[in-house]
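So that we are looking at the same thing, I have put the structure below in structure tokens.
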Ligand SMILES: NC(=O)c1ccc[n+]([C@@H]2O[C@H](COP(=O)([O-])OP(=O)(O)OC[C@H]3O[C@@H](n4cnc5c(N)ncnc54)[C@H](OP(=O)(O)O)[C@@H]3O)[C@@H](O)[C@H]2O)c1
């Protein structure tokens, strides 16, 4: 990180930590434990509605791209059971993720989870005609007549597709609209869109080895009252190869962190602009572990900074 970026990061995280200490996250509203059965997962407010969402969601790219009825599918049935029983709600998919959206539809139907689920899917198309056909197919695959969030995938044809998503919101087919990207290269465009458009959500990459979103897009989203979904918090799993068997920092216990997966996820949710982080896994024990990151204290500024120093090139 450049020294300017690092200073900005520190300033942002210092504010975050101060607010976290007070149990308040500016822009994202108060932090609270989700009620009743769902357990102790922290929740954040969606600024445009005031709805509370659990901070740990689920990604599906790759990990859910399996054959229905295969041993991997049976394992995913266990994964989603752990996810929903542990208080999770948001599950992110896309027509671009191979069989994932079909698998999500089947898993929600098999387990009876549709009412608990907050389905976030995407439009990835270059014309209105293609988007309409894709949306009809998405509903069929997801086995639903509406979703909670419709996002323009990777900013593709975003002006036209955002307008279409808003029409669908107007018709009650989606509760929220948003746009996504997955690398730092998308940040300048996202910044422009955040300044010019009224969005419910953005989805971006933010991780210990790629914290640049904290310089601009995260504080801007907070100012503009836009919820933030964080993707690739494990850098597609590459971060695990970097830590291998390395011990956790000595202060991990103070934050209630007992694994590197929890550490990477807790880093993401410790930024006050972040609403939900969506790690992907097809493994029940990893799903259980990921949910633990959504409980207990957040990381303070010094802890976040130490992780950035250690993992950022
Ligand atoms: N443009 C976009 O809109 C966009 C772009 C990228 C991603 N996304 C969304 O964000 C989600 C998350 O991003 P991602 O899936 O690319 O990357 P990620 O969540 O950073 O990493 C997922 C990978 O990490 C592995 N993993 C998980 N826990 C692990 C552990 N404890 N130890 C070792 N490996 C572990 C998973 O494998 P296993 O399944 O084997 O556990 C999977 O291969 C996606 O699934 C997708 O929903 C959106």
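The values are calculated or read from the model by the stated rules, or taken from the named source; none is laboratory data. Keep in mind the model is a prediction, meaning the values are calculated, not measured. Ideal geometry is used to build each Cβ from the backbone, glycine not excepted, and the neighbour counts take in all protein chains shown.
Being touching a helix residue (DSSP H, G or I) at 6+ places or on another chain (Cβ under 6 Å) and within 29 Å of residue 239 (Cβ to Cβ) is the requirement here; does residue 194 meet it? I'd like the intermediate steps shown before the answer.
On the way: touching a helix residue (DSSP H, G or I) at 6+ places or on another chain (Cβ under 6 Å): yes; within 29 Å of residue 239 (Cβ to Cβ): yes.
Here the answer is yes, as residue 194 does meet what is asked.
Yes/no matrix, rows are residues, columns are (1) in a loop (DSSP other than H, G, I, E, B); (2) at pLDDT 95 or above; (3) surrounded by 19 or more Cβ atoms within 10 Å (Cβ to Cβ):
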{"position": "257", "(1), (2), (3)": "yes, yes, yes"}
{"position": "261", "(1), (2), (3)": "no, yes, yes"}
{"position": "265", "(1), (2), (3)": "no, yes, yes"}
{"position": "268", "(1), (2), (3)": "no, yes, yes"}
{"position": "274", "(1), (2), (3)": "yes, yes, yes"}
{"position": "288", "(1), (2), (3)": "no, yes, no"}
{"position": "295", "(1), (2), (3)": "yes, yes, no"}
{"position": "298", "(1), (2), (3)": "yes, yes, yes"}
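Which residues, counting only those in segment 222-238, are closer than 25 Å to residue 89 by Cβ and out of contact with any helix residue (DSSP H, G or I) (no Cβ under 6 Å at 6 or more places or on another chain)?
222, 225, 226, 227, 229, 231, 232, 235, 236, 237 - these are the residues of segment 222-238 that are closer than 25 Å to residue 89 by Cβ and out of contact with any helix residue (DSSP H, G or I) (no Cβ under 6 Å at 6 or more places or on another chain).
Just the residues that are surrounded by fewer than 24 Cβ atoms within 10 Å (Cβ to Cβ) and within 13 Å of the ligand (Cβ to nearest atom), please, taken from segment 50-61.
Hit for segment 50-61 is 61, nothing else.
Within segment 234-251, identify whether any single residue is touching a residue at least 40 places away in the same chain (Cβ under 8 Å) and more than 12 Å from the ligand (Cβ to nearest atom), and answer yes or no.
The answer is yes; a qualifying residue exists.
Considering only segment 127-159, how many residues are in a strand (DSSP E or B), out of contact with any helix residue (DSSP H, G or I) (no Cβ under 7 Å at 6 or more places or on another chain) and under 25 Å from residue 185 (Cα atoms)?
The total comes to 2.
Can you pull out the residues in segment 276-285 that are surrounded by fewer than 17 Cβ atoms within 10 Å (Cβ to Cβ) and either in a helix (DSSP H, G or I) or touching a strand residue (DSSP E or B) at 6+ places or on another chain (Cβ under 6 Å) (or both)?
285 - this is the single residue of segment 276-285 that is surrounded by fewer than 17 Cβ atoms within 10 Å (Cβ to Cβ) and either in a helix (DSSP H, G or I) or touching a strand residue (DSSP E or B) at 6+ places or on another chain (Cβ under 6 Å) (or both).
Still on this model: For residue 225, indicate whether it is in contact (Cβ under 8 Å) with a residue 60 or more places away in the chain and away from the ligand (no atom under 14 Å from the Cβ).
Yes, satisfied.
Also, I was wondering about something else. Kindly establish whether residue 304 is buried (at least 22 other Cβ atoms within 10 Å of the Cβ) and over 22 Å from residue 219 (Cα atoms).
no
Quick one: which of 187, 142, 162, 149 is under 23 Å from residue 63 (Cβ atoms), within 16 Å of the ligand (Cβ to nearest atom) and over 15 Å from the mean Cα position of the chain (by Cα)?
On the way: 187 fails: under 23 Å from residue 63 (Cβ atoms); 162 fails: under 23 Å from residue 63 (Cβ atoms); 149 fails: over 15 Å from the mean Cα position of the chain (by Cα).
Selected residue: 142, the only one of 187, 142, 162, 149 that is under 23 Å from residue 63 (Cβ atoms), within 16 Å of the ligand (Cβ to nearest atom) and over 15 Å from the mean Cα position of the chain (by Cα).
Condition check ((1) surrounded by 17 or more Cβ atoms within 10 Å (Cβ to Cβ); (2) within 13 Å of the ligand (Cβ to nearest atom); (3) assigned to a helix (DSSP H, G or I)) across all residues:
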position: 63; (1), (2), (3): yes, yes, no
position: 79; (1), (2), (3): yes, yes, yes
position: 107; (1), (2), (3): yes, no, yes
position: 113; (1), (2), (3): yes, no, no
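When both residues are 6+ apart or on different chains and their Cβ atoms are under 7 Å apart, which pairs have a first residue that lies in segment 257-269 and is in contact (Cβ under 8 Å) with a residue 60 or more places away in the chain, and a second that is in a helix (DSSP H, G or I) and surrounded by fewer than 22 Cβ atoms within 10 Å (Cβ to Cβ)?
Filtered contacts from segment 257-269: 267/307.
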